[in-house]
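Student: Have a look at the structure that comes next, please.
The values are calculated or read from the model by the stated rules, or taken from the named source; none is laboratory data. Since this is a predicted model, take the numbers as computed values, not measurements. Don't worry about glycine lacking a Cβ; one is built from the backbone with ideal geometry, like all the others, and counts go over all protein chains shown.
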Amino acid sequence: MPFGNTHNEMKLKYASAKEYPDLSKHNNHMAKIITPAIYELLRKRQTPSGFTLDDVIQTGIDNPGHPFIMTVGCVAGDEETYEVFKELLDPVIQDRHGGYKPTDKHKTDLDPAHLKGGDDLDPNYVLSSRVRTGRSVRGFCLPPHCSRGERRAVETLSIEALDTLSGDLKGTYYALKNMSDAEQQQLIDDHFLFDKPVSPLLLASGMARDWPDGRGIWHNVNKTFLVWVNEEDHLRVISMQQGGNMKEVFNRFCTGLTKIEKLFKERKHEFMWNEHLGYVLTCPSNLGTGLRAGVHVKLPNVSKNAKFEEILKKLRLQKRGTGGVDTAAVGGTFDISNADRLGFSEVELVQMVVDGVKLLVEMEKKLEKGQPIDAMIPAQK
Amino acid sequence: MASTFTRMIAGRYPAALLASLGAGTVAGGLLLSDSALFAEGKRSLYPPSADFPDLRKHSNCMAAALTPAIYARLRDQVTPQNWTLDQCIQTGVDNPGHPFIKTVGAVAGDEETYEVFAELFDPIIKDRHNGYDPRTMKHPTDLDASKITNGVFDEKYVLSSRVRTGRSIRGLSLPPACSRSERREVERVVVTALAGLKGELAGRYYGLGDMSDKEQQQLIDDHFLFDKPVSPLLTCAFMARDWPDARGIWHNHEKNFLIWVNEEDHTRVISMEKGGNMKRVFERFCTGLKQVEQLIHERGWEFMWNERLGYILTCPSNLGTGLRAGVHVRLPILSKDTRFSKILENLRLQKRGTGGVDTAATGDTFDISNNDRLGKSEVELVQQLVDGVNYLIDCEKKLEKGQEIKVPFPVAQFKKY
């Protein structure tokens, strides 16, 4: 909760062992890493805005495990969370991001010219292509902790900046609380509308407070570039289109992001970024690039192959259902995206998706003809 | 109002605020004095008007009572446990309105909430409790079940009878605010006390986190098991945190006296039976409550109670007696009569579905219970329920025979104490 959490002072009267959560049935990164000693050390601290250890880990306590993905189980309430609680968050980050060390540096590369190929994924298989990331506005608390005033300020700033975009990126903002029924239906039909979070992962961290105040969706006229305001992060930036031209999607993504960053800077606001963690976002899983590049692709044969999981792992890809993170795949159509976020640049991650999906589609074609794919299985990336 | 300050924000460089506190302080977290300074800075950057919630689509008691002026005076106040107004009202901000009942929209984090935030809670209490004024009125407590008359119903109509209330342990924060240790302490205090109950009341505790599958199934079959709250009214009030840690169910071996630990209140005490013997249900209720109170006194604890508000519970709607006495009753003809709602209203009764507060009634069987909680004693409310249900059954019988029924005069409001 905002403006200092001196409620923590009351808890400090109780011994650390008495406050320590019961994590015996838990399976998330936080539960794996936290110990009574870490808890005792960190419970006395708070960030400048008053975010405490219990605030960081509440979602992980309330959500012991997720059936499809190993969840992180902690969130940041502000930029400083990652510093103040580093004894917990550094090992969580290391666990989640393939061994990324506290001394490692993250590289940012948003130059779409560096992407090789990606404009020719077979549209008979690849139904749609999408790239998303998040951005946080420095100086404001993040969605788990922000006050209504801060959330509204982020919204106002975002609208001002987005309103000045022009050309292919010119668009309109739809505040969730003012939407007409017709606008709402259109946004649902376009698959743009985000709804009040129902996932317990988000609810337990306080991100749904005051819904729908300060939330909204901006999109360009062509409906290929979209910004969510104040959902799980300050901003979620999405570039998407039907078909397999990931290169075009990524071009627009980079151009749009770079322009938005410039517009914020003109208004004396930066995005939260540092050279160790890259872009700072609410969930530690989205640090670095915050980038998820993915396709909806038909792989009915490959997905039934015994080696499917192994192939994905080698390609550093992840599968989800086409309804998003909390869903299962239906009818052989999968959402395939990069598994990594931190320690690789944006270009490198999109390259992995482009190359990996190309290979998967070739495998699918081979299996359709009854041919084996064993020779095609790649080395670990 | 909001737009002037956002123009202010847009012009500033917020990192300057952090820099003013010294670059070296962040890594180790801030000392209390530094973070108090930072909070002060944030408060001037965001005056109360910036944070005032948008309640234009809301229809709960909190939204009706909260004004920008009240919010401005209370936003930066805290209870001795540092519980804030925003935390009290979050559930009301997040839940604009309920289809079946006018909800309260605010909860207490501790006993002092009702004092520190009296400027908001007093009008809410007045609104919810028929004009009861905590500043001028006193609430009567009376747990002498022998006073109840005509308390055995016709079982052709009444399928079951139940009385519930809640009790809070003084000195420990309430479910929206409590830390894990406080919650565990509530469990320890209550379970230790309950172990001292004897005879018809002797029983056993089942911790939610520890129960075996078999025990769980039995409790479900008995309709005793409470589940992790899914109602957003409760989850938005932070009551589901750390589930199922320190939550549990105690019941006597006879399975007619039951206590929920750390659900929506520290304790919920329930006496229930199949059939229509409400008098016996209430007798057991009173005996059990008094014995539990005695057992916790022996260990130096008490229940939260004062003469203005009676028993202090999490939701303002449960202040006073916290008592809901009700029956599951079949009223196939009366329930279709257009006067049904008015009859209930005048008898000061409420209907719910047989699944509880968030459900609608199905078929002809209703959960009928008292509307009021505060300003009348337990005995008065149970007698009111008894008289009311007898009246409803009488109407049903008359309608069965094609006879005329009357809408009764409204039951009298508060007496002077």
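Student: For segment A:321-339, how many residues meet the condition of being out of contact with any Phe, Trp or Tyr (no Cβ under 9 Å at 6 or more places or on another chain) and either outside any loop (DSSP other than H, G, I, E, B) or modelled with pLDDT of 95 or more (or both)? Walk me through how you get there before you give the answer.
Tutor: Just the residues of segment A:321-339 that are out of contact with any Phe, Trp or Tyr (no Cβ under 9 Å at 6 or more places or on another chain), to begin with: A:323-324, A:329-337, A:339.
Still in the running and either outside any loop (DSSP other than H, G, I, E, B) or modelled with pLDDT of 95 or more (or both): A:324, A:330, A:333-337.
The total comes to 7.
Student: When segment B:129-147 is examined, which residues are found to be more than 22 Å from the chain's Cα centre (by Cα) and crowded, with 20+ Cβ neighbours inside 10 Å? Before the answer, list the steps.
Tutor: Initially, segment B:129-147 is screened for residues more than 22 Å from the chain's Cα centre (by Cα), giving B:136, B:144-147.
The answer is B:A145, and nothing else.
Student: For a quick check of your reading: which helices (runs of 4 or more DSSP H) sit entirely within segment A:1-115 and have at least 1 residues that are surrounded by fewer than 24 Cβ atoms within 10 Å (Cβ to Cβ) and facing another protein chain (nearest Cβ under 9 Å)?
Tutor: Correct list: A:7-11, A:16-19, A:36-42, A:53-62, A:81-84, A:86-96.
Student: Consider B:D242 carefully, then state whether it is within 14 Å of chain A (Cβ to nearest Cβ) and of a type in the set (D, E).
Tutor: Numbers: within 14 Å of chain A (Cβ to nearest Cβ): yes; of a type in the set (D, E): yes.
So B:D242 fits the description; yes.
Student: With respect to A:V84, determine if the residue is over 28 Å from A:F225 (Cα atoms) and in contact with a Ser or Thr (Cβ under 6 Å, 6 or more places away or on another chain). Steps first, please.
Tutor: Numbers: over 28 Å from A:F225 (Cα atoms): yes; in contact with a Ser or Thr (Cβ under 6 Å, 6 or more places away or on another chain): yes.
Yes.
Student: Can you tell me how many residues within segment B:168-182 are out of contact with any strand residue (DSSP E or B) (no Cβ under 9 Å at 6 or more places or on another chain) and more than 8 Å from chain A (Cβ to nearest Cβ)?
Tutor: Qualifying residue count for the region: 6.
Student: State whether one or more residues within segment A:145-161 are away from every other protein chain (no Cβ under 13 Å) and either in a loop (DSSP other than H, G, I, E, B) or within 30 Å of B:K228 (Cα to Cα) (or both). Break it down stepwise before answering.
Tutor: Of segment A:145-161, the ones away from every other protein chain (no Cβ under 13 Å) are none.
No, there is no match, as no residue in segment A:145-161 is away from every other protein chain (no Cβ under 13 Å) and either in a loop (DSSP other than H, G, I, E, B) or within 30 Å of B:K228 (Cα to Cα) (or both).
Student: Could you grab me the full set of residues in segment B:265-294 that are surrounded by fewer than 23 Cβ atoms within 10 Å (Cβ to Cβ), among the acidic types (D, E) and closer than 28 Å to B:M239 by Cα?
Tutor: Hit for segment B:265-294 is B:E293, nothing else.
Student: As an exercise: evaluate A:R132 against (1) crowded, with 21+ Cβ neighbours inside 10 Å; (2) of a type in the set (K, R); (3) not in a loop (DSSP other than H, G, I, E, B) and give the number of the one condition it does not meet.
Tutor: For A:R132, the exception is condition (1).
Student: Please specify each residue of segment A:130-150 satisfying the condition of being more than 15 Å from A:F51 (Cβ to Cβ) and within 22 Å of the chain's Cα centre (by Cα). Break it down stepwise before answering.
Tutor: We begin by selecting, within segment A:130-150, every residue more than 15 Å from A:F51 (Cβ to Cβ); these are A:130-135, A:137-138, A:148-149.
Scanning segment A:130-150 gives A:R130, A:V131, A:R132, A:T133, A:G134, A:R135, A:V137, A:R138.
Student: Here's a follow-up. Determine if segment A:177-195 includes at least one residue that is touching a Phe, Trp or Tyr at 6+ places or on another chain (Cβ under 6 Å) and touching a residue at least 40 places away in the same chain (Cβ under 8 Å).
Tutor: No, segment A:177-195 contains no residue that is touching a Phe, Trp or Tyr at 6+ places or on another chain (Cβ under 6 Å) and touching a residue at least 40 places away in the same chain (Cβ under 8 Å).
Student: For segment A:268-293, what are the residues that are touching a strand residue (DSSP E or B) at 6+ places or on another chain (Cβ under 7 Å) and among the polar types (S, T, N, Q)?
Tutor: Passing the criteria: A:N286, A:T289.
Student: Which one of A:V227, A:V198 is buried (at least 20 other Cβ atoms within 10 Å of the Cβ) and of a type in the set (V, I, T)? Steps first, please.
Tutor: On the way: A:V198 fails: buried (at least 20 other Cβ atoms within 10 Å of the Cβ).
The unique qualifying residue is A:V227.
Student: Out of segment A:346-365, which residues are crowded, with 17+ Cβ neighbours inside 10 Å and farther than 21 Å from A:M240 by Cβ?
Tutor: A:L359, A:M363, A:E364
Student: Which helices (runs of 4 or more DSSP H) sit wholly inside segment A:175-292 and have at least 2 residues that are over 30 Å from B:I89 (Cα atoms)? Quick ask: steps written out before the conclusion?
Tutor: Numbers: elements: A:181-189, A:200-203, A:246-266.
Where helices (runs of 4 or more DSSP H) fall fully within segment A:175-292 and carry at least 2 residues being over 30 Å from B:I89 (Cα atoms), they are A:181-189, A:246-266.
Student: Search segment B:217-237 for residues being without any contact (Cβ under 8 Å) to a residue 60 or more places away in the chain, in a helix (DSSP H, G or I) and not aliphatic (A, V, I, L, M), and hand back the single one that is farthest from the other protein chains (Cβ to nearest Cβ).
Tutor: By that ranking, first place goes to B:D221.
Student: Moving on. Given the conditions (1) surrounded by 21 or more Cβ atoms within 10 Å (Cβ to Cβ); (2) more than 30 Å from A:I69 (Cα to Cα); (3) within 14 Å of chain B (Cβ to nearest Cβ), which single one is not true for A:A204?
Tutor: (2)
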